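The values are calculated or read from the model by the stated rules, or taken from the named source; none is laboratory data. Source: prediction; values computed, not measured. Please note: Cβ atoms are built from the backbone with ideal geometry, for glycine as well, and neighbour counts cover all protein chains shown.
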């Protein structure tokens with residue numbers, strides 16, 4: 001399963017707990033309803049980090065606009081909400097690789113070979129049976145993706161002519177990353193074996209942590225681990241290098257819905273699919289920056305985006 005930044009965002013998430021501590025992320029002022037809420041109740045769950053809070057608020061406001069009575073319950077880990085989904089939970093804002101790897105490990109054991117590739121559609125096709133057995137339907141995946149990514153300083157990129165990770169082939173670099181990065185195909189293993197980068201040392205400073213940022217900025221390390229939707233990089237003078245050899249599994253945003261519930265509520269497909277079509281990695285990164293850098297509230301950022309895209 002892809003390295004997630006749960007620990008790294010724990011402190012930041014505390015800032016937003018007021019946005020998700022209650023069952024209702026939104027308010028009467030944050031969304032307008034196209035009906036009187038007579039389509040019944042629906043529960044959305046997911047993990048309680050800022051990006052997930054943002055996307056869950058988008059789901060909530062869209063469905064309230066359609067006339068649903070929405071409850072949002074964000075929790076610490078995928079294990080927790082998957083214990084209630086499908087069932088008490090009907091909808092989860094998911095990531096393609098994350099949900100498929102979870103279902104694969106649950107069905108075939110923790111050591112099962114991953115079925116996820118760098119292509120979202122291909123990965124979903126490979127997971128059709130797992131999804132069917134679990135009673136889960138995935139709607140259209142977005143082009144917006146939140147994958148592992150690697151950054152350098154803008155100066156280091158300019159001085160060495162770097163745009164892609166392959167531009168580092170043969171170079172000696174120190175890597176600041178999560179403690180379990182060594183050997184992973186989406187981390188040090190892929191950088192070494194696929195890209196031919198000479199990783200001379202791994203500093204276990206964390207995923208997108210302040211320590212990792214500072215290490216790269218101080219040139220203790222040249223390469224740092226974060227995500228493709230990190231909205232803090234530009235303000236720090238940091239820049240992502242493209243994963244041009246595709247060592248990262250597809251982690252496209254995708255609505256995961258209870259198959260049984262969806263059969264009676266087909267009308268949720270259109271607004272959620274339109275949301276997925278409207279989101280891009282660049283837009284999601286900008287929205288994340290408004291939360292993590294500018295300290296805007298996730299529900300306000302969600303409402304602004306939905307309104308600007310004509311979705312509510």
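Summary of values
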item: Residues located in segment 116-126, provided they are modelled with pLDDT of 95 or more and either in contact with a helix residue (DSSP H, G or I) (Cβ under 8 Å, 6 or more places away or on another chain) or surrounded by 20 or more Cβ atoms within 10 Å (Cβ to Cβ) (or both); result: 120, 123, 124, 126
item: Residue among 215, 209, 169, 221 that alone is over 29 Å from residue 127 (Cβ atoms), outside the structural domain of residue 101 (by TED's automatic domain parsing) and surrounded by fewer than 16 Cβ atoms within 10 Å (Cβ to Cβ); result: 169
item: Exclusive hit being in contact with a strand residue (DSSP E or B) (Cβ under 8 Å, 6 or more places away or on another chain) and not in a loop (DSSP other than H, G, I, E, B), set 256, 250; result: 256
item: Among the candidates 288, 242, residue that is in contact with a helix residue (DSSP H, G or I) (Cβ under 7 Å, 6 or more places away or on another chain) and modelled with pLDDT under 95; result: 288
item: Positions within segment 47-67 being modelled with pLDDT of 95 or more, surrounded by fewer than 24 Cβ atoms within 10 Å (Cβ to Cβ) and closer than 17 Å to residue 287 by Cβ, in sequence order; result: 62
item: The lone exception for residue 85 - which of (1) modelled with pLDDT of 90 or more; (2) crowded, with 21+ Cβ neighbours inside 10 Å; (3) closer than 15 Å to residue 271 by Cβ it fails; result: (3)
item: Single condition residue 183 does not satisfy, out of (1) touching a helix residue (DSSP H, G or I) at 6+ places or on another chain (Cβ under 9 Å); (2) assigned to a loop (DSSP other than H, G, I, E, B); (3) touching a residue at least 12 places away in the same chain (Cβ under 8 Å); result: (3)
item: Residue within segment 226-238 that is free of Cβ contacts under 8 Å to residues at least 60 places away in the same chain and surrounded by 19 or more Cβ atoms within 10 Å (Cβ to Cβ) present; result: no
item: Yes/no for residue 119 being under 24 Å from residue 271 (Cβ atoms) and assigned by TED's automatic domain parsing to the domain that holds residue 287; result: no
item: Criterion: out of contact with any strand residue (DSSP E or B) (no Cβ under 6 Å at 6 or more places or on another chain), modelled with pLDDT under 95 and in the same structural domain as residue 168 (by TED's automatic domain parsing) - qualifying residue of 235, 294; result: 235
item: Some residue of segment 129-136 being in contact with a strand residue (DSSP E or B) (Cβ under 6 Å, 6 or more places away or on another chain), surrounded by 15 or more Cβ atoms within 10 Å (Cβ to Cβ), more than 15 Å from residue 275 (Cβ to Cβ) and touching a residue at least 12 places away in the same chain (Cβ under 8 Å); result: yes
item: Residue check, residue 79 modelled with pLDDT under 95, touching a helix residue (DSSP H, G or I) at 6+ places or on another chain (Cβ under 9 Å) and within 25 Å of residue 228 (Cα to Cα); result: yes
item: Matching entry among 70, 75 (being in the same structural domain as residue 134 (by TED's automatic domain parsing) and more than 25 Å from residue 285 (Cβ to Cβ)); result: 70
item: Matching residues, segment 188-211, being under 25 Å from residue 231 (Cβ atoms), at pLDDT 95 or above and in a loop (DSSP other than H, G, I, E, B); result: 205
